[in-house]
Amino acid sequence: MTTLTKNQKLIQWVNDWVKVMQPDNVVWCDGSEEENNRLNEMMVASGMAIKLDEKKRPNSFYYQSDPSDVARVENRTFICTEKEEDAGPTNYWESPAKMKEILLAKYTGCMKGRTMYVIPFSMGPLGSNIAQIGVEISDSPYVVTSMRIMTRMGKAVLDVLGDGDFVPCVHSVGAPLAPGQKDVKWPCAPIEEKYISHFPATKEIWSYGSGYGGNALLGKKCFALRIASYMAKTEGWLAEHMLILGLTNPAGVTKYIAAAFPSACGKTNLAMLIPSIPGWTVKTVGDDIAWMKFGKDGQLYAINPEAGFFGVAPFTSEQTNPNALHSCDKDTIFTNVGLTPDKNVWWEGIGYDCPDGTITWKNEVYKAGSDMQVAHPNARFAAKASNCPTIDPKWEDPAGVPISAILFGGRRPSTVPLVYEARSWNHGTFIGSVVGSEVTAAAIGLAAGVRRDPFAMLPFCGYNMADYFGHWISIGEKAPDKAKLPKIFNVNWFRKDENGRWLWPGYGDNSRVLAWIFNRCEGSVEAVESPIGLLPKAQDIDISGLSVTPADMTELLKVDKNLWKAEVDLIKEHYARFGNRIPAALNAELATLEKNLA
Ligand code: SAT
Ligand code: MN
C-alpha cells in the first residue's frame, strides 16, 4: 500500500478503518488518468460498466444501478447531534453515540472481498481560502471515477493538505463478498439498512448501503451542504444550495448572481441559460452549490465547490438546455439512462424517438412505439464543468466571484409575482425562509398545497433550520460593509392565469427578468413599493417579440392582498414548526408584511 502522504492523522484514520472494514486491498487514489483508465477497464471487465461508442461519446461510461438504489434517501439521512432539537424539526435525528454503535456493527467486515479506495478531494479550487479538503474511503470504484469528475481529486490534494485537517468521509456499499462469491453489477444494501449519517460537531460523514449519487459521492450534499452549512455557521460564512451565473450586459459589464430554487424548478437550466435578448450573455460558474465568504473589500465572494455537474438526464435536450446536453458530449458517466444499440445514450425528452432495441435502465429491451420507461426519472449524468460550453472564465478563480444578487424562487402558479426585490437583507432572509413550491396531490402523494423548502435547503441543512435563518440574519449584521451586501430578489417563472395558461414563457426569456435585476444592481432602473417588496414597473421588463401581452404583464406583477393574507396564514403555520427558535428579526418581517396588507 502506497500512502501518498505523510499526514499521520490521515494514515491513522485509514488504518483504523481498515481494521474495522477488513478490505482485501487498500488503494490510495492519485487521480491520474492511468488510474482512471485502470478502474474503468476493471469495471467494464466485471460487467458493472459499459463503455460507450468512442466516436459518439468519447471516454464515457454507462451504468445501471440496483432498482432499490436510484436516488438520495431522505428518510435514511440523519443529522446526529447530542440534542435532538439541534437537528431541528426538518431533519431525521439520532444521537451520535447510538448512530456510531449501529454503524460500527454494519461496518465491521463490510469490505471483505473488496478494495478500499482512499479518495482525497478538494471542494473548491485547490488552495482557495474558501475551499475545503475531504478524504473519502469507499469500496466502490464507481465512486472513485465519479469523484474524479465531481471534485478535484487525487495526489495534488494531499500535497495541498500537507499535515492539515480534512473532513473524514466514510462510505461502503454494504455488500461484503464471501470467499469465491460472485459480485453483482451494482452492490448495495436494502433500503432499511442504508444510513447517510452526519456528525456536524466532529465534521464527520458515515454513509452505508447505497452507491448512488449524493448518498455515495460524499463531497456533494453530505459535505458541501450538510457539514459545510454547520461549519459556515460556526465560522461566519455561507454554504448554500445555489447555482452561480455570470450575467454580462450589452456594454460588457459582468455581474454574478447566485440563486436557490427547490428541485424541479430549472436550476441547471438557469445556470446555463441562453438569453433571448440581444447583447446579453450568461456564463456558468456552478449549477448546484455555492460557498460564500466576505473578501477584504467587504464584498461577498462565491466559489462553486464542485468540479462537475450531476444533472438529471431526462428532459435535457437541444431545446431545454443545449449547454447541459453538450457538457455530456465526452468524459461523462451516465447512470440509469437508456443504452442504444449503437452504444450511445437515450432518455425521455432528449428530443428524438428512442431507437428500437435500446436497453432500458432496468436492462429490458425497448420495443419501438411501446410505452416502456427507458430512463429512470432520476437518471443522471456526471459531466465535467470544464466541458460546459458556457463555463465562466472565472469559474476556477480561487478568490471566487463577487456576488451582486441572490435569487430565491419556487413554482407558484398564483400569488407570487414574476419578480420582486427585498427591501433589506433581513427582508431577503425572510423571503428565503418561506421559499416553497406548489404541489398537486397527484404529483408526490402529499396533500396539495405549498410545500415549503426554505432556501431550498430542506434536505440539506446540517442543523436546526431556524438557527440557520438566524445565521443568515447575523451575516447581514456582521457584514463588513452593509452597502456591499448582495441585493435579494424573489422570482417566479411559473405564474398561471385562472384558466391554467402559463403567463410567462420561461427558459431563455428569463433573461428579461435577469436584465431588470442587473439594472437594479447597477442602480439604473427604479422600482415601486408594494406591500411585499419592490416591484418592477411593467415597462422596465422587455417583452418585445414575446406573446406576453401588457395585460399579462399587469397580472404577472400583481400583488393581490387577499391572496397574500392567505399566504401570511400559511407562513405562520410554516414558522410554527420551529416554535420560539424563529429569529425575532423574521417575526418582525412577518409582522411588517401583515401590517402592509391590512
Ligand atoms: O443525488 S444528489 O444528492 O447528488 C442529487 C439530488 O438528489 O439532489
Ligand atoms: Mn441540488
Notebook entry, point to check: Roughly speaking, what is the stretch gain from Val20 to Ala156, that is 0.36 nm per residue apart minus the C-alpha to C-alpha distance, in nm to one decimal?
Noted result: 46.2 nm
Margin query: For region 561-598 and region 467-534, what is the centre-to-centre distance using only Cα atoms, to the nearest Å?
Written below: 19 Å
Check: Under 19 Å from the 7 Å Cα→Cβ point of Ala105, by amide nitrogen: which residues of region 195-214?
Finding: 195-198, 206-210
Item checked: Length-normalised contact order of region 1-149 in % [C-alpha pairs under 8 Å, at least 6 apart] -> 28 percent
Margin query: Can you work out the Karplus-derived ³J(HN,Hα) for every residue in region 155-167? Use 6.51 cos²θ - 1.76 cosθ + 1.60 with θ = phi - 60°, whole Hz, and x for glycine or proline.
Written below: 4, 4, 5, 5, 5, 5, 4, x, 9, x, 8, 9, 8
Check: Which percentage, to the nearest 5, of the DSSP beta bridges contained in the chain is antiparallel?
Finding: 65 percent
Checklist line | the chain: relative contact order as a whole-number percent, Cα under 8 Å and 6+ apart | finding: 14 percent
Notebook entry, point to check: Which whole-Hz ³J(HN,Hα) couplings does region 450-462 yield from phi under the Karplus relation 6.51 cos²θ - 1.76 cosθ + 1.60, θ = phi - 60°, glycine and proline marked x?
Noted result: 8, 8, 6, 9, x, 6, 6, 10, 3, x, 10, 8, x
Margin query: In Å, what Kirkwood hydrodynamic radius results for the chain from the alpha-carbon pair distances?
Written below: 24.9 Å
Next item on the list: Taking amide H positions as placed in the peptide plane 1.01 Å from N, state which residues far from Gly533 in sequence (5 or more) or on other chains have amide H under 5 Å from it.
Entry: none
Next item on the list: In debye, nearest 20, what is the charge dipole magnitude of region 322-455 about its Cα centre with +1 on Lys and Arg Cβ and -1 on Asp and Glu Cβ, if you could check?
Entry: 420 debye
Notebook entry, point to check: Between region 81-135 and region 383-403, what's the alpha-carbon centroid distance in Å?
Noted result: 28 Å
Note to self: Give me the dipole magnitude in Debye, nearest 20, for region 377-419 about the Cα centre, with unit charges on the beta carbon: positive for Lys and Arg, negative for Asp and Glu.
What the structure shows: 280 debye
Next item on the list: Might you work out the accessible area of His326 for me, using a 1.4 Å probe with all protein chains in place, and round it to the nearest 10 Å²?
Entry: 70 Å²
Item checked: Helical contribution to [θ] at 222 nm, DSSP H n ≥ 4, -39,500 (n - 2.57), averaged over the chain, rounded to 500 -> -7500 deg cm²/dmol
Check: Of Lys100/Lys203; Lys19/Lys155; Lys6/Lys155; Lys267/Lys561; Lys267/Lys537; Lys9/Lys233, which sit over 22 Å apart, Cα to Cα?
Finding: Lys19/Lys155; Lys267/Lys561; Lys267/Lys537; Lys9/Lys233
Check: For region 246-262, in order, what is each residue's ³J(HN,Hα) by Karplus, 6.51 cos²θ - 1.76 cosθ + 1.60 with θ = phi - 60°, in whole Hz (x at glycine and Pro)?
Finding: x, 10, 10, 8, x, 7, x, 8, 10, 10, 9, 10, 10, 8, 10, 9, x
Notebook entry, point to check: Using a simple charge model, +1 on the beta-carbon of Lys and Arg, -1 on the beta-carbon of Asp and Glu, nothing else, what dipole does the chain show about its Cα centre, in debye to the nearest 20?
Noted result: 400 debye
Note to self: Suppose we keep just the DSSP beta bridges with both residues in region 64-181; what percent of those would be antiparallel, to 5?
What the structure shows: 60 percent
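The values are calculated or read from the model by the stated rules, or taken from the named source; none is laboratory data. Predicted, not measured: the structure shown is a model, and the values here were computed from it. Positions of Cβ are generated from backbone atoms using ideal geometry, with glycine treated the same way; all protein chains shown enter the neighbour counts. To get the accessible areas, we keep the full protein, side chains included, count just its heavy atoms, and leave off ligands, DNA and RNA. Shrake-Rupley method; radii C 1.70, N 1.55, O 1.52, S 1.80 Å.
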